[in-house]
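The values are calculated or read from the model by the stated rules, or taken from the named source; none is laboratory data. Remember, predicted model here, so these are calculated numbers, not experimental data. Here the Cβ positions follow ideal geometry from the backbone for every residue, glycine too, while neighbour counts run over all protein chains shown.
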């Protein structure tokens, strides 16, 4: 971890793969989009990064995918609460899945507007390494609320306008 600010920043990236989205944490360089999921996991691992699966069962996102069982051993974190996930049952499915696989729980605001910042936080002990981060995250507490559906409408409208213009 390098020091680039007075507070901790984890360099990471949400990467679009040919199978959906995945997050790499503690990365050193950008990973090209639209590789296969397996190739992307390999790229994250080559950088010594942490592999995080965001919103795996979100019905409204085009990112549901099946990961070959051989690759589950390389997954560190599964997001069990995403404040922008519209159906609460989708977050619940993620929780059950993460528990079944004995993976570390992740959570996030996934904010697209400034009003969504802080909709979800994980309270955890401080850390000084990637390994310590994982240990402390496993013991962390998730606090979150679902985003207002109006913010989904706003972001979809903006995306549509960008495509039209």
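For the stretch 93-120, filtering for residues that are buried (at least 16 other Cβ atoms within 10 Å of the Cβ) and closer than 19 Å to residue 14 by Cβ leaves 15. For the stretch 5-64, residues that are part of a loop (DSSP other than H, G, I, E, B) and over 22 Å from residue 93 (Cβ atoms) total 22. Does the stretch 1-26 hold any residues that are within 21 Å of residue 105 (Cβ to Cβ) and either surrounded by 15 or more Cβ atoms within 10 Å (Cβ to Cβ) or in contact with a helix residue (DSSP H, G or I) (Cβ under 6 Å, 6 or more places away or on another chain) (or both), and which are they? Listed by number, the residues that qualify are 12, 13, 15, 20, 21, 22, 23, 24, 25, 26. Sub-6 Å Cβ pairs linking a first residue in the stretch 83-102 that is on the phi < 0 side of the Ramachandran plot and in a helix (DSSP H, G or I) to a second residue that is surrounded by fewer than 15 Cβ atoms within 10 Å (Cβ to Cβ) and at pLDDT below 90, at least 6 apart or interchain, are 90/59, ordered by first then second residue.
Here is a yes/no grid of residues against (1) crowded, with 18+ Cβ neighbours inside 10 Å; (2) modelled with pLDDT of 90 or more; (3) more than 14 Å from residue 105 (Cβ to Cβ):
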position: 51; (1), (2), (3): yes, yes, yes
position: 56; (1), (2), (3): yes, no, no
position: 62; (1), (2), (3): no, no, yes
position: 65; (1), (2), (3): no, no, yes
position: 73; (1), (2), (3): no, no, yes
position: 78; (1), (2), (3): yes, yes, no
position: 84; (1), (2), (3): yes, no, yes
position: 87; (1), (2), (3): no, no, yes
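If the condition is being exposed (fewer than 15 other Cβ atoms within 10 Å of the Cβ) and in contact with a strand residue (DSSP E or B) (Cβ under 6 Å, 6 or more places away or on another chain), then the stretch 122-155 contributes 123, 138, 141, 143.
Of the set (1) out of contact with any strand residue (DSSP E or B) (no Cβ under 7 Å at 6 or more places or on another chain); (2) surrounded by 12 or more Cβ atoms within 10 Å (Cβ to Cβ); (3) without any contact (Cβ under 8 Å) to a residue 24 or more places away in the chain, all apply to residue 38 but (3).
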